[in-house]
Amino acid sequence: MIVGERKPLAEIAAMLKPYEKVCILGCGTCVTVCLSGGEKEAAETAAALSLLWQKEGKKGEVKTGTVLRQCEYEYIADYAARLEEFDAVLSLACGVGVQAMTARLPENIVLPGLNTQFMGYPVMQGVWKENCLGCGDCVLDLTMGICPITRCSKSMLNGPCGGSQDGKCEVSKEVDCAWHLIYDRLVKMDMLERMEAVQPPKDWSTSHHGSVRTMVREDVRVEGSQ
Amino acid sequence: MKAASNLQKMLDSGHFAVSGELGPPKSADISTLKHHAHDMRNHVDAYNITDNQTAIVRTSSIGVAATLMQMGLEPTVQMTVRDRNRIALQSDLLGAVSFGVRNFLCLQGDHAKFGNEPGSKNVNDLDSMQWIQAVKNMRDEGVFIGGEKLEHPLPDLFIGAVANPFADPFEYRPYRLAKKIAAGTQFVQTQCIFDLDRFERWMVKVRELGLHKKVHIVGGVTPIKSIGAARYMQNNVSGMIVPEELITRIKGAQDKKQEGIRIAVETIQRLREIEGVAGVHVMAIAWEEVVPEIVERAGLYPRPSLA
């Protein structure tokens, strides 16, 4: 899932300063599951903002809503009419949702209420970890299902650097050394020879480094559809 | 094969090599560095010049190398993959070769988080292994990473890498060295050795794999200047082990600095006894003036002169 974290209230308040009628719009998918931008968080944010405005003596109205997926036009379209009355929409979706909303509703001001963090999953209740950078050329088959591009702080492809100690990354004791994890799995599976060959330089052109990516599937493409 | 440099000549001919280390300053005034270089010129075979060590912005390694060349001294240019993509790395290598640099030490580099620009992008386009192989391919095959040919062949280069016996997984470390050799490494410098027992255990496996016959292993030695410096390395420098008994020993000494020097000398003497150790790399960071004394007391002076 895409994991996000709500921006601090002060930053949100500063962003919304010029507007009086605001809709805090939750998103019903990833950010609902990671407890940062769903219906509940939209209500909490609206309540906190209203209170702040009241304290500051600012006139205004804060309402809430939720779109099941702000990243898909058809869900936005269903909701569009309800957003017309607002000066601004504070989207609690990820950056994808904010931009899909902006593209679909160009007359509206859509602002980001979250900092989009990463693609990952909860490793336990309340802890989410980054797992995938979306590099466009998956190597998980070579690395025992543990991504060194994402989970090694230096995105190394040929084993652990000299900063790996006690299974932890030099960057932080909170970060596991991805290559130590890979090594342990290889030992366990008796497949250590997989680390022998020098993996050649990665072709980053399949990632964001190759410029903005578009994927086209001719088999399902419908011209003019939205 | 003809040696690419004095350092290679020294190692290839079986002499116990000694290299020094120069850390460029956080300014463009390298006069102090030049003094240090000058003062140890008769005691070291080559000088490593660090590449923005611990991710702190400093005068570039290649810039300093140009000055050393003018002084008639031999640099080993450190190149990390942290700050440059493959375009810049290959270009900078060509630039350094163009004015005579022949020794290159290819390494990953500490994460930028540790330095004075923690908000910077960590490049890591290549990893250290790929960079070693790229330098070898440029030299031996005359090709860039992308496959295009160099317009003219490179002169012979001496390719170095680093090894850290104090990092984990410990059992994997000799195999990592083997991989670096396969990638093209000719000499390897180790992380500072304070835990000699662990280093020896690493060397046992290295010899078992026959790696000491395929690569020149140069042991890293750092004299401990103070308890504070030891504690700093123990707690803040990644991939280092500073045993507590070493700190206790210095604490108990009357002249703590002398004790630090004595430990460094003893370390070198013990390293010389270990089969497969081909030299020492003395990293006296912020204490460069003691290098001649350490080299002399370790019995490595005068340096052999190889014409």
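The values are calculated or read from the model by the stated rules, or taken from the named source; none is laboratory data. Here the structure is a predicted model, which means the values were calculated and not measured. All Cβ positions, even for glycine, are placed from backbone atoms using ideal geometry, and neighbour counts span all protein chains on display. Calculation scope for accessible area: heavy atoms of the full protein, side chains included, ligands and nucleic acids excluded. Shrake-Rupley method; radii C 1.70, N 1.55, O 1.52, S 1.80 Å.
The residues listed here are A:224, A:120, A:134, A:145; of these, the one that is away from every other protein chain (no Cβ under 12 Å) and touching an Asp or Glu at 6+ places or on another chain (Cβ under 6 Å) is A:120.
Could you grab me the full set of residues in the range A:132-150 that are surrounded by 15 or more Cβ atoms within 10 Å (Cβ to Cβ) and without any contact (Cβ under 8 Å) to a residue 60 or more places away in the chain?
Taking the range A:132-150 first, the residues surrounded by 15 or more Cβ atoms within 10 Å (Cβ to Cβ) are A:132-133, A:135-136, A:143-144, A:146-150.
Scanning the range A:132-150 gives A:132, A:143, A:144, A:146, A:147, A:148, A:149, A:150.
Scan the range B:130-179 for residues that are part of a helix (DSSP H, G or I), within 9 Å of chain A (Cβ to nearest Cβ) and open to solvent by 30 Å² or more (accessible area, probe 1.4 Å) and the total you get is 4. Scanning the range B:197-212 for residues that are touching a residue at least 60 places away in the same chain (Cβ under 8 Å) and open to solvent by 10 Å² or more (accessible area, probe 1.4 Å) yields B:200, B:207, B:212. Residues in the range B:210-232 that are among the aliphatic types (A, V, I, L, M) and in contact with a strand residue (DSSP E or B) (Cβ under 7 Å, 6 or more places away or on another chain) were compared, and the one that is farthest from residue B:180 (Cα to Cα) is B:221.
The residue that is farthest from residue B:131 (Cα to Cα), counting only those in the range A:146-173 that are of a type in the set (S, T, N, Q) and over 27 Å from the mean Cα position of the chain (by Cα), is A:165. Taken together, the residues in the range B:82-119 that are open to solvent by 50 Å² or more (accessible area, probe 1.4 Å) and more than 10 Å from chain A (Cβ to nearest Cβ) amount to 12.
Taking the residues in the range B:37-65 that are without any contact (Cβ under 8 Å) to a residue 60 or more places away in the chain and farther than 30 Å from residue B:119 by Cβ as candidates, determine which candidate is most open to solvent (accessible area, probe 1.4 Å). Residue satisfying both the conditions and the ranking: B:41.
Residues checked against (1) surrounded by fewer than 24 Cβ atoms within 10 Å (Cβ to Cβ); (2) of a type in the set (A, V, I, L, M); (3) facing another protein chain (nearest Cβ under 10 Å):
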position: A:152; (1), (2), (3): no, no, yes
position: A:168; (1), (2), (3): yes, no, yes
position: A:173; (1), (2), (3): yes, no, no
position: A:179; (1), (2), (3): no, no, yes
position: A:187; (1), (2), (3): yes, yes, yes
position: A:196; (1), (2), (3): yes, no, yes
